[in-house]
Every structure is written in structure tokens, then in C-alpha cells.
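Nothing in this text is a laboratory measurement; each read-out follows from the coordinates by a stated rule. Since we're looking at a predicted model, the values are computed, not measured. Methodologically, a virtual Cβ is constructed for each residue, glycine included, from the backbone with ideal geometry; neighbour enumeration extends over all protein chains shown.
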Amino acid sequence: PRIVKLGGGGPRAALSCAHIRRGDFKTVCPRYETEGLDPTRRRTARPWVVSHFRSGWSCLQTEREISLNLAALRDRAPKAALYIALDEEAVLSWPSVRPYNASHLSLFSTLISDAKLGAPAALLKPLLDQLICAQAAHLLLNVFSTYSQLIMAHVALAHPKEIGWARDLTKAQQRMLGLEVSFWRREEASTHELLGQA
């Protein structure tokens, strides 16, 4: 078996990674949306929340938004394999997601179990997801999620001299590392197109 260095330090893999966050975001994101999109809340809204929504970014994606964003990711990286880091496997059976034939951590559960890595599953699974995604050349992340920020942190920490600790990667850093980071975008109801820039 070949040992692969995880953490984003090696050459970028022909891999795209999408982080689909559901779980607690079903209750958290509506609060962000009220704060960021309700004009009556502008005085008390945190600037970063308003900025994220003005940029067209999405906190909790609809099934259609997931489909549109995955299609845009596939257009940018048509030959890359797709890996999805997620907290709800039911998403993989959605008709809009199934055609992407994505890999995900549960496909490797027997291998992971046999490796006897000695860490609690609640810690090990998210860490493995993040380390796998840190290898990707194309990242589709959730701008509202610290989990997504940790994926970028793993990439940055693998380059201590060039970057070091970072929760976000600038466009210049992305170019230097040969990767592209994009964030989930919202669908514009009138045009059925994604808001913001890829």
C-alpha cells in the first residue's frame, strides 16, 4: 500500500471537494439569514454576516442550490474526482446529487476501522474528511462554517513558511498553492442562476 501525506502539503490532487453542512445549520442558518437579509436588522447585524449574504453566499443550501453549485464545480474541474464531506448521508441519495457519483468517507469505513487509528469516531471522521479535502485542487466550502475554515487551515499549515496558520486563503495564496476555493452560492429566484461570482 502507498502512504499518502495528508494535510495539503503535496501536489494538488485531481480532486474536487464539496463540504455540505446540514445538521445544526438547519437551525443556525435561518438566524443568519434574518440577520443578514432583513433590512430592519441592518443596525444590529454583524458586518461579516451582511457581507456574506451580499456576496451571494449561502449558509444552508436547498437541493436545487446544491445541484447548481455542484454543476458549476464540475464545469470548472470536469476531470476531477468529487469527494463530499458531509454530516448527513441522506444528501447522497438526492436525485440532484446522485449523478455526481461522489466519494465520501463512509465508503471507506471498513478500511478506517481496520486501521485501528485509536481516535474516537466523533473526532476521527471530521478530521479525515478535512485532511482528504485539503488534498483537493478545487474546494467548494461553506463560508459560514468553521469546519470549512479548518479545511483551509489544514492546507495553510502544510505550508508553514509560505502561509502558516490561516482560516481563509487569499486568491494569491490559492494561486501559489495551485488550488481554487469557492463558497456555496444562493440561487436568484428570478433567474434560477447562482448569485455572486464563482
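Quick notes on this one:
- Computed over Cα pairs, the Kirkwood radius of the chain leads via Stokes-Einstein (0.890 mPa s, 25 °C) to a diffusion coefficient of 139 µm² per second.
- Helix 146-157 axis, angle to the chain major axis (alpha carbon atoms, nearest 10°): 50 degrees
- Cross-link partners of K116 among aspartates and glutamates (Cα-Cα below 15 Å; sequence separation of 8 or more within a chain): none
- Charge tally around L105: other residues with Cβ under 12 Å, Lys/Arg +1 each, Asp/Glu -1 each, net -2.
- Computed over the range 18-189: relative contact order in percent, which uses C-alpha pairs under 8 Å that are six or more apart: 27 percent
- Amide proton proximity set for C17, modelled H, under 5 Å, gap of 5+: Y83, H138, L139, L140
- Ordering of 41-51, 134-144, 63-73 by burial proxy (mean other Cβ atoms within 10 Å per residue, highest first): 134-144, 63-73, 41-51
- Within a straight-line Cα-Cα reach of under 28 Å, K79 can be paired with the following lysines, leaving aside sequence neighbours fewer than 8 residues apart in one chain: K5, K125, K171.
- Label separation (D38 vs E88): 2.3 nm, computed from points 7 Å beyond Cα along the C-beta direction.
- In the chain, the longest principal axis of the Cα atoms and the axis of helix 63-76 are about 60 degrees apart.
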